[in-house]
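The values are calculated or read from the model by the stated rules, or taken from the named source; none is laboratory data. Remember, predicted model here, so these are calculated numbers, not experimental data. Cβ coordinates were reconstructed from backbone atoms using ideal geometry, including for glycine residues, and neighbour counts include every protein chain displayed. Ligands, DNA and RNA are stripped out before the accessible areas are found, and what is left, the full protein with its side chains, is counted by its heavy atoms. Shrake-Rupley method; radii C 1.70, N 1.55, O 1.52, S 1.80 Å.
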Amino acid sequence: PTVPTGEARSPTLTAELERLPFENAIAHDYSVVLVIVTASALSARDGGGPMLRRVLAQRGVRRVYVDEAHTVSRTSMAAYNSALAGLRNTLLTVRTQLASYGHPRPQIVGLTSTLPPHMVPEAKHALTMPPSAKTIRCNIDRPELLFQRLPMPQCATESAVDHLQRVLSFLAGHAPSWALCGALVIFCPTAALARDAATRLQVPLPVGAGGMRQCIAYLGTNCLSPDQRTERMRRFRSDRRHAVFQALGDR
């Protein structure tokens, strides 16, 4: 953000900002130079979403960095996360609001290490970039990471929760012990699946440890309050035997 313009605010707007500490800091705190938000928070139609977009537009935004930019693809998280699917419209809305306050169009920078070359045009379009926007491809070798693909398709008569239970049970008996010795994060395409899985599934501890893991549903900004998210992350960090089912979608 740029330096605040000092625009006069109505008593109603001031009262709204007092209930939204982060938006209030963006609007009034001159030391705020970087704002980190999720696509869901920026796109939200209620709660702090409209106010967040308003104060960002009023302050002015020089650059927008989109981390994990591949997620805006229809073949990635945008397929089941409406905030990512609609990110283009959100960015266009913010651009229009910036212009209404006399601010120039911000530079858009997308960062990703997993976007295939043939998907670059779609990602640029979703991020409101012109086709001519410069693409820089660097070495993405990550020797410290191990990736394994496990083809276990869902059966026609199998629910999503039952399918996930089958996959996790298989991993518990076949994955190397070092891969299971810490806490687990299981990414689910929807908040509904993450919630059901955390309630119903049995996630075994590593072989030899015995028993089952404590399961936590982490459902993102649209389904949990900030206090609820903080508490669940505190529980997750407090015990390496926990399993977190994290929702990638917002429904």
>> If I filter region 1-37 down to residues being surrounded by 10 or more Cβ atoms within 10 Å (Cβ to Cβ), β-branched (Val, Ile, Thr) and modelled with pLDDT of 90 or more, which single residue comes out as nearest to ASP227 (Cα to Cα)?
In response: VAL37
> Considering region 210-238 alone, what residues qualify as being exposed (fewer than 11 other Cβ atoms within 10 Å of the Cβ) and in a loop (DSSP other than H, G, I, E, B)?
Replying inline: GLY210, GLY211, SER225
>> Residues that are of a type outside the set (Gly, Ala, Ser), modelled with pLDDT under 90 and farther than 24 Å from MET77 by Cβ: list the helices (runs of 4 or more DSSP H) wholly contained in region 141-209 that include at least 1 such residues.
In response: 160-174, 177-180
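For region 64-82: of the residues being among the hydroxyl-bearing types (Ser, Thr, Tyr) and open to solvent by 70 Å² or more (accessible area, probe 1.4 Å), which is modelled with the highest pLDDT? Break it down stepwise before answering.
Of region 64-82, the ones among the hydroxyl-bearing types (Ser, Thr, Tyr) are 65, 71, 73, 75-76, 80, 82.
From the residues that got through so far, the ones that are open to solvent by 70 Å² or more (accessible area, probe 1.4 Å) too are 65, 75, 80.
Working: TYR65: 97, THR75: 88, TYR80: 82.
Taking the candidates together, the pick is TYR65.
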> What number of residues in region 22-61 are free of Cβ contacts under 8 Å to residues at least 24 places away in the same chain, of a type in the set (Gly, Ala, Ser) and in a helix (DSSP H, G or I)?
Replying inline: 2
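Can you confirm whether PHE245 is closer than 23 Å to SER169 by Cα, at pLDDT 90 or above and either of a type in the set (Val, Ile, Thr) or in contact with a helix residue (DSSP H, G or I) (Cβ under 6 Å, 6 or more places away or on another chain) (or both)?
Working: closer than 23 Å to SER169 by Cα: yes; at pLDDT 90 or above: yes; either of a type in the set (Val, Ile, Thr) or in contact with a helix residue (DSSP H, G or I) (Cβ under 6 Å, 6 or more places away or on another chain) (or both): yes.
So PHE245 passes the test.
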> Restricted to region 83-115, and to residues that are part of a loop (DSSP other than H, G, I, E, B) and free of Cβ contacts under 8 Å to residues at least 24 places away in the same chain, which residue is least open to solvent (accessible area, probe 1.4 Å)?
Replying inline: GLY102
> farther than 30 Å from VAL37 by Cβ, in contact with a Cys (Cβ under 9 Å, 6 or more places away or on another chain) and aliphatic (A, V, I, L, M), is that true of VAL161?
Replying inline: no
